[in-house]
Amino acid sequence: MKPFAFRAASLLGVGRMLRRRHRDRLLVLMYHGVVEEALEPFCWHQLPLDAFRRQMAWVARHYYVLPLEQALALLREGALPEHSAAITFDDGYESVFETAGPVLTELRLPAHVFLVTDLVGTSEVPWPDRVWLAVHHASAARVDLAPLGLGRMGLETPGRRAATLDAVLEALKGRSAVEKDALIGRLEAALGVDPAERPDDFRMLTWEQVEAEAAKGLFTFGPHSRTHEILSRVGDEEVERQVAGSREDVERRLGTKPTVFAYPNGRTEDFDDRARRAVTEAGFDWALATELGLVDRDCDPLALPRIPVGADLAFSRFCLLCSGWL
């Protein structure tokens, strides 16, 4: 559907009608990082601040925003207020506090942050960000991606860098952690990039920051695995380590027992019966996917949908997605 059609639908009151129809469902928004300006090459999961501020102001006008765990508990009990929403952030970027935090504080909107626990307090970044950094800092005009089965690809323009980035990310998703690390290392070497270079946009939170914000009460926290491996593509022991281990990490540092887990990547094919079993055995009540949808009492508690929000999402479409145009 073209952008003008979403704008037209909004002007015709379609969103208002949908919000009324879906008033008993829970809207769960999924963000990652928030940056001052759009990144280049295009980075879907780092949302420019202006867009985030506009979205949050709209949400504050139309929804009753609750802490995630409270909202899910109320939904289960059949006591969820109409037009309720919850805001979530995956991965645990420092920008959630530094850039998004002032907006949330001003509007008094609580948010739940899902941490990749092995990365908290380190200079490491999630592997997709490592790839983005390599492409961003590359000085070469072309790169040989034969080890990934992609051949030579261009980097001469922002558009070609973005296309190369997307191709590399897709090629790496199915690889093991060891293989990914080795292939990204070869990419960094081929591009002449220093892997130690970490711009502030991708800096991860420290446990000290997490503990301080948890004490204030605006942010609550849960696990998003230990290293962000796709659970359907790792062995049984690793599934347990990623799920139960990350819950133990959060509980040990914050003294609370998280009840919600967020699957890495989160598409239906990214978590299997082993992952669901690990989530249940670790003591979680719910798990969040990244499939598009609103949450109601009939949803699978171990595969709850969210509304993923990326840097390419037009405001009119954002409003309609939140309202239930799925």
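The values are calculated or read from the model by the stated rules, or taken from the named source; none is laboratory data. As the structure is a prediction and not an experimental result, all values here were calculated from the model. Cβ atoms come from the backbone with ideal geometry, glycine included; neighbour counts cover every protein chain shown. The accessibility values were calculated without ligands, DNA or RNA, using every heavy atom of the protein model including side chains. Shrake-Rupley method; radii C 1.70, N 1.55, O 1.52, S 1.80 Å.
Below 8 Å, C-alpha to C-alpha, sequence gap of six or more: please give me the relative contact order for the chain in percent. Worked out over the chain, it gives 23 percent. The 1.4 Å probe gives accessible areas that order THR157, THR117, largest first, as THR157, THR117. Given R₀ = 35 Å, FRET efficiency for ARG23-GLU269 by Cβ-Cβ distance, to 0.05? Using R0 = 35 Å, I get an efficiency of 0.65. Computed over the chain with a Gaussian network model linking Cα atoms closer than 10 Å, the most mobile of ALA79, ALA287, ALA244 is ALA79.
Rolling a 1.4 Å probe over the protein heavy atoms of the range 210-305, with every protein chain left in place, gives an accessible area that is 45 percent carbon and sulfur.
Loop-located trypsin sites (Lys or Arg not before Pro) in the range 228-258 (DSSP state not H, G, I, E or B) with no more than 13 neighbouring Cβ atoms inside 10 Å do not occur. Distance between the pseudo-spin-label points of ASP296 and ARG203 (7 Å out from Cα toward the beta carbon): 4.5 nm.
Just the number, please: percent antiparallel of the DSSP beta bridges in the chain, rounded to the nearest 5. All intermediate terms of the calculation are to be shown ahead of the outcome.
Numbers: 5 of 32 bridges.
For the chain, the DSSP antiparallel bridge percentage is about 15.
Run the numbers for THR122 and GLU77: contour at 0.36 nm per residue of separation, minus the present Cα-Cα distance, in nm. Don't skip to the end; give the middle numbers.
Details: separation 45, 0.36 × 45 = 16.20 nm, distance 3.94 nm.
Extending this stretch completely gives an extra 12.3 nm.
Rolling a 1.4 Å probe over the protein heavy atoms of the range 30-86, with every protein chain left in place, gives an accessible area that is 50 percent carbon and sulfur. Placing unit charges on each Cβ (+1 for Lys and Arg, -1 for Asp and Glu) gives the range 90-191 a dipole about its Cα centre, and among ALA141, ALA162, ILE184 the Cα reaching farthest toward its positive end belongs to ALA141.
With helices as the sole contributors, the chain gives -12500 deg cm²/dmol at 222 nm; each DSSP H run of n ≥ 4 counts as -39500 (n - 2.57), and the sum is divided by every residue.
Here's how it looks for GLY222: its modeled amide H is under 5 Å from those of VAL113, PHE114, LEU115, which are all 5 or more places away or on a different chain.
Spin-label model, ARG142/ARG61: points 7 Å from Cα along the beta carbon direction are separated by 5.1 nm. When the trypsin sites (Lys or Arg not before Pro) in the range 86-188 are filtered for DSSP coil states and for at most 10 other beta-carbon atoms within 10 Å of their beta-carbon, the remaining sites are ARG108. Think of a 1.4 Å ball rolled over the protein heavy atoms: the range 215-326 then has 41 Å² of accessible area per residue. What shape does the range 173-285 take by its C-alpha gyration tensor, where a ≥ b ≥ c are the square roots of the eigenvalues and a/c under 1.5 counts as rounded, a/b above b/c as prolate, and the rest as oblate? Taking the square roots of the gyration eigenvalues as a ≥ b ≥ c, the range 173-285 is oblate.
For the chain, which DSSP H helices look membrane-span-like by this rule: Cα extent along the axis of 15 Å or more and mean Kyte-Doolittle of at least -1.0?
On the way: long enough: 49-62 (20 Å, -0.46); 127-137 (16 Å, -0.35); 158-172 (21 Å, 0.27); 177-191 (21 Å, 0.53); 236-254 (27 Å, -1.53).
Taking the DSSP H segments of the chain (at least 15 Å long, mean hydropathy at least -1.0), we get 49-62, 127-137, 158-172, 177-191.
For the pair ALA38 and ALA190 in one chain, pulling the backbone fully straight at 0.36 nm per residue adds 52.1 nm over the alpha carbon distance. Here the ratio of the Cα radius of gyration of the range 26-72 to 2.2 N^0.38 Å is 1.34. Can you give the translational diffusion coefficient of the chain in µm²/s, computed by Stokes-Einstein from the Kirkwood radius over Cα pairs at 10 °C and 1.306 mPa s? Calculated translational D: 78 µm²/s.
A simple spin-label model places the labels of ARG108 and GLU251 3.4 nm from each other, with each point 7 Å out along Cα-to-Cβ. The simple Förster model, with R0 at 41 Å and r as the Cβ-Cβ distance, assigns THR157 and LEU218 a FRET efficiency of 0.50.
Solvent exposure of the range 15-171 amounts to 42 Å² per residue of accessible area, where only protein heavy atoms count and the probe is 1.4 Å.
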